[in-house]
């Protein structure tokens, strides 16, 4: 049977996210409770979490989380990493045995910094350097898979129900200001740990519910710009789209949202001339970055999170606010179970983002 | 003079019981097939003159007429077919180059028919275009590599001029001269009503049609007929025609008898003179020359009009296309070997060029590998027969398509492939006033509007079925295609998987 990345697997899902906009940190119990409530939206073939603000002591280092199939590929990959990065600290990621989580790979974590002279020689910035080498490992080192590469954040994922994966990684021992979670319902998967979500690139993490029908148009578009879609998953291509738009092209986040969930032409016609020109330009230049078909996604990055539905809302997505916290989830119950009496709870319109950023950050 | 070895292609069969000797057929046939015999009060037919255009069949009030393939058989021979023999009879009689009209009719593979489309089932919903928005608008033109915004988030990039098409379909280049004024008017009015464009072809633009400029692509071909500053500024975009799918590598020839007063004024050539377009543009002997022409045209139009470059699909199209992008074109038009024509040497039409499906797939892929695909629009032509062909073309990577044959078929063309005689009974490929007036633009433009609207509905249905609500998301989305009855190499070039994979 082919592994994820060698074929395309449609899947349905559950998603949930919490942010404390004041930056107060809290452990992983709440997010586990929220995603566990939506147990029936997953089928035990994939679960995962992204946690932001969890490595304050290493906040200037890229935290590489890597799955290895065996020791020999681990040695080869480490050799490659140490050639290109200074390794501040390395070790396996602590886990505990949980029934329902089996066939675990070797799971390692490295806090690294790109080698200065190499960054200079390559005429790129550190972020670009790191992303290139992460893509290189993931495409050229068979049996090694970097599943997290941001600063002061980390992804934890595997094959199993998400609540079991959360316990397996002992997420109650980490504290972050933002957590997102994903439970997966793939229709057909050999159960590869790398195929679980979130998908991340540097500090971007994407969790996603839906099957996008624009996949190959989006893939062939980002692949023109140095990305390589090795997993053939929607989350992977969505992550690359945002990375390209926001990091490489410097498109402001609110405009990037107009790219992926573009307003309808009919609605554009009703706007003022200036807005019309802007939206027409966006739709013309980035037509191939429009994400089509049903999706609800939670996009996490250093500054906060953004939740977004496809433009005709073919997937469920609920948001709520209470105090300094914003919650988003596939189902209202998954919010209410961890948040009594939210002061505001709503169902965002198709294409209308929920933007929850740390205080002091700009869209 | 020696014997005429030619035999009729068709047999005119008249049901004498139904025929009322009204002589409509006699009056309608410009080829003079039908003759009324007063003495016997019967209508007779001279089979050898019949081109099987169905004009008399359609107009016969009692439906008394049927054309059949002429039953005369040659002794069976898989190599020396009847067609091969007849061509030799013709050429040995006249000493001339064989001429043909419309696209390559030979039984080469039709790749559109070997690709199948996807539809949503369970894991994502199909979308009903009658209930949900379904967008088929496309923007044709050059795109910058990226958009830039200022610190306040305001757009700073000026996107080059785009042609907005409400449906990704345009009417192919057919010159005034090769087709009639009424045919042109029908195309122009239909394009205007549909929010799409038609193309002047290389014959210039009649003054009376300047009012349709917003929906007109003005062509600049090697003969430069009718090209002047006002003409270039009259349209929505300019198209430099380098080649044509039906006759790659050669020019065009409009016989002097088609050059009447009006055509003469439009083309800026004397009445009755042959209009001969040279095979190459004599100011383009290489790619750097093309760049100069592109920018001359941009200068004269103040950089307000996109410039398209049209080439025939030939072996090296992908590399040529890349050069065209780098030469500064805003859109590339690729015309496949099945593309129609008013007249082409038969040997060229039937043996030169490659299928548009393969050329499109190769070009789209090559431009992506060179990271320049997003900078230009890719338009294809060369026998788009229905809406499914369009959907497959877009999935392979096209932004829009041109339709020529389909458009004239909507106007009544029955593909008798005798355009070059100038005696088109349907008033399309003719300049004879008596024939031209048979085509009433008030009625015929509606047929074009109907056709394109119907196709748009079908495109929307197919998109919705795939769970897509904007055609942008289908462009280059090759996972929506699967091949059937194709070999590994064909699949590789098309960049698609086999059905079942």
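The values are calculated or read from the model by the stated rules, or taken from the named source; none is laboratory data. Just so we're clear, the structure is a prediction, and the values are computed from it rather than from any experiment. Here the Cβ positions follow ideal geometry from the backbone for every residue, glycine too, while neighbour counts run over all protein chains shown.
Selection over the range A:309-363 of residues that are out of contact with any helix residue (DSSP H, G or I) (no Cβ under 6 Å at 6 or more places or on another chain) and either within 28 Å of residue A:247 (Cα to Cα) or within 14 Å of chain B (Cβ to nearest Cβ) (or both) gives a count of 29.
Every condition in (1) facing chain A (nearest Cβ under 8 Å); (2) surrounded by fewer than 22 Cβ atoms within 10 Å (Cβ to Cβ); (3) under 24 Å from residue B:395 (Cα atoms) is met by residue B:153 except one, and the failing one is (3). For the range B:106-124, how many residues meet the condition of being within 10 Å of chain A (Cβ to nearest Cβ), out of contact with any strand residue (DSSP E or B) (no Cβ under 9 Å at 6 or more places or on another chain) and buried (at least 17 other Cβ atoms within 10 Å of the Cβ)? Number of matching residues: 1. Evaluating residue A:113 against the criteria (1) farther than 22 Å from residue A:69 by Cα; (2) touching a strand residue (DSSP E or B) at 6+ places or on another chain (Cβ under 9 Å); (3) part of a helix (DSSP H, G or I) leaves one unmet condition, (3).
For the range B:165-188, name all the residues that are assigned to a helix (DSSP H, G or I) and under 22 Å from residue B:386 (Cα atoms). Lay out the reasoning, then the answer.
We begin by selecting, within the range B:165-188, every residue assigned to a helix (DSSP H, G or I); these are B:181-188.
Listed by number, the residues that qualify are B:183, B:184, B:186, B:187, B:188.
The residue of the range A:71-104 that is farthest from residue A:118 (Cα to Cα), among those that are modelled with pLDDT of 95 or more, touching a strand residue (DSSP E or B) at 6+ places or on another chain (Cβ under 8 Å) and part of a loop (DSSP other than H, G, I, E, B), is A:95.
Of these, B:246, B:279, B:191, which one is under 19 Å from the mean Cα position of the chain (by Cα) and part of a loop (DSSP other than H, G, I, E, B)? Let's see the steps before the verdict.
Numbers: B:279 fails: under 19 Å from the mean Cα position of the chain (by Cα); B:191 fails: part of a loop (DSSP other than H, G, I, E, B).
Being under 19 Å from the mean Cα position of the chain (by Cα) and part of a loop (DSSP other than H, G, I, E, B) holds for just one of B:246, B:279, B:191, which is B:246.
Across the range A:322-345, what is the total count of residues that are outside any loop (DSSP other than H, G, I, E, B) and touching a strand residue (DSSP E or B) at 6+ places or on another chain (Cβ under 6 Å)? Total satisfying the criteria: 10. Checking each residue in the range B:138-150 for being assigned to a loop (DSSP other than H, G, I, E, B), more than 8 Å from chain A (Cβ to nearest Cβ) and crowded, with 19+ Cβ neighbours inside 10 Å picks out only B:142.
Residue-wise test of (1) out of contact with any helix residue (DSSP H, G or I) (no Cβ under 8 Å at 6 or more places or on another chain); (2) part of a helix (DSSP H, G or I).
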site: A:227; (1), (2): no, no
site: A:236; (1), (2): yes, yes
site: A:240; (1), (2): no, yes
site: A:244; (1), (2): no, yes
site: A:259; (1), (2): no, yes
site: A:267; (1), (2): yes, yes
site: A:271; (1), (2): no, no
site: A:274; (1), (2): yes, yes
site: A:280; (1), (2): no, yes
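Kindly indicate whether residue B:335 is in the same structural domain as residue B:177 (by TED's automatic domain parsing), surrounded by fewer than 24 Cβ atoms within 10 Å (Cβ to Cβ) and under 24 Å from residue B:405 (Cα atoms). I'd like the intermediate steps shown before the answer.
Working: in the same structural domain as residue B:177 (by TED's automatic domain parsing): yes; surrounded by fewer than 24 Cβ atoms within 10 Å (Cβ to Cβ): no; under 24 Å from residue B:405 (Cα atoms): yes.
Here the answer is no, as residue B:335 does not meet what is asked.
Quick test for you: out of A:231, A:241, pick the one residue that is more than 10 Å from chain B (Cβ to nearest Cβ), in contact with a strand residue (DSSP E or B) (Cβ under 7 Å, 6 or more places away or on another chain) and touching a residue at least 40 places away in the same chain (Cβ under 8 Å). So the residue among A:231, A:241 that is more than 10 Å from chain B (Cβ to nearest Cβ), in contact with a strand residue (DSSP E or B) (Cβ under 7 Å, 6 or more places away or on another chain) and touching a residue at least 40 places away in the same chain (Cβ under 8 Å) is A:231. When the range B:455-479 is filtered for residues that are closer than 20 Å to residue B:379 by Cβ, touching a helix residue (DSSP H, G or I) at 6+ places or on another chain (Cβ under 7 Å) and within 14 Å of chain A (Cβ to nearest Cβ), the ones remaining, listed by number, are B:462, B:463, B:471, B:472, B:473, B:474, B:475, B:476, B:477, B:478.
When residue B:176 is tested against (1) facing another protein chain (nearest Cβ under 9 Å); (2) crowded, with 21+ Cβ neighbours inside 10 Å; (3) modelled with pLDDT under 95, just one condition goes unmet, and that condition is (1).
Checking the condition part of a loop (DSSP other than H, G, I, E, B), touching a helix residue (DSSP H, G or I) at 6+ places or on another chain (Cβ under 9 Å) and either more than 14 Å from chain B (Cβ to nearest Cβ) or modelled with pLDDT of 95 or more (or both), which residue from A:17, A:44 passes?
Values: A:17 fails: part of a loop (DSSP other than H, G, I, E, B).
When all the criteria are applied, what remains is A:44.
Only one of the listed residues (B:439, B:491, B:486, B:448) is assigned to a helix (DSSP H, G or I), assigned by TED's automatic domain parsing to the domain that holds residue B:346 and touching a helix residue (DSSP H, G or I) at 6+ places or on another chain (Cβ under 7 Å). That residue is B:448. Just one of the listed residues (A:179, A:193) is more than 14 Å from every other protein chain (Cβ to nearest Cβ), in contact (Cβ under 8 Å) with a residue 60 or more places away in the chain and surrounded by 24 or more Cβ atoms within 10 Å (Cβ to Cβ), and it is A:179.
Scan B:230, B:261, B:239 and give me the residue that is closer than 20 Å to residue B:209 by Cβ and touching a strand residue (DSSP E or B) at 6+ places or on another chain (Cβ under 9 Å).
Values: B:230 fails: touching a strand residue (DSSP E or B) at 6+ places or on another chain (Cβ under 9 Å); B:261 fails: touching a strand residue (DSSP E or B) at 6+ places or on another chain (Cβ under 9 Å).
Every option except B:239 fails the conditions.
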